[in-house]
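Reviewing the structure listed below.
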Amino acid sequence: MILETNVSGQTNYSIISNLTFNPNGNEQERDLVRGVFFLIFTIGGVVLNLFIVVAVRNRRILNVRNILLIHLGSVGLAASILCLLFAAVVSFSGWSSGYWTVCQAQGLLQAILTQVTTWTLAAISWDKYQTIVSPFQHSNVRTD
């Protein structure tokens, strides 16, 4: 990493000498960089959560743990599409006063999806605990 100080005393950070990022730069540059990162995280979240849903769904045995894993992947997929994609769109298009209501709704949706994810992880942990404590009784619980 190369650190350069320009005439006005601002430090420019660069990994490659031609590409510099000024932390005190204009808002459009920061929004563009933020939007690109949100878009990368959105694509990664969609791909990984779809992989979880498809991989678990293709199994022959559909037990409680697999249903909870499908639920966890679905909630992660919804969070990736609805929350992260909205943040990327807002970053690319710029902030305006019309986004305030949508931003509040997105915050509420993100809070709800976070709570659902937490409860799903707790249920998966409880299922694993029951498997360890009573393995013979737990193996009889299956859904068809």
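The helices (runs of 4 or more DSSP H) found wholly in segment 64-144 and carrying at least 2 residues that are surrounded by 11 or more Cβ atoms within 10 Å (Cβ to Cβ) and modelled with pLDDT of 85 or more occupy 64-78, 100-133. Looking at residue 59, is it part of a helix (DSSP H, G or I) and modelled with pLDDT under 90? Criteria not met by residue 59.
The values are calculated or read from the model by the stated rules, or taken from the named source; none is laboratory data. This one's a predicted model, so the numbers in the text were calculated from it and none came from an experiment. No Cβ is skipped: glycine too gets one built from the backbone with ideal geometry, and neighbour counts run over all protein chains shown.
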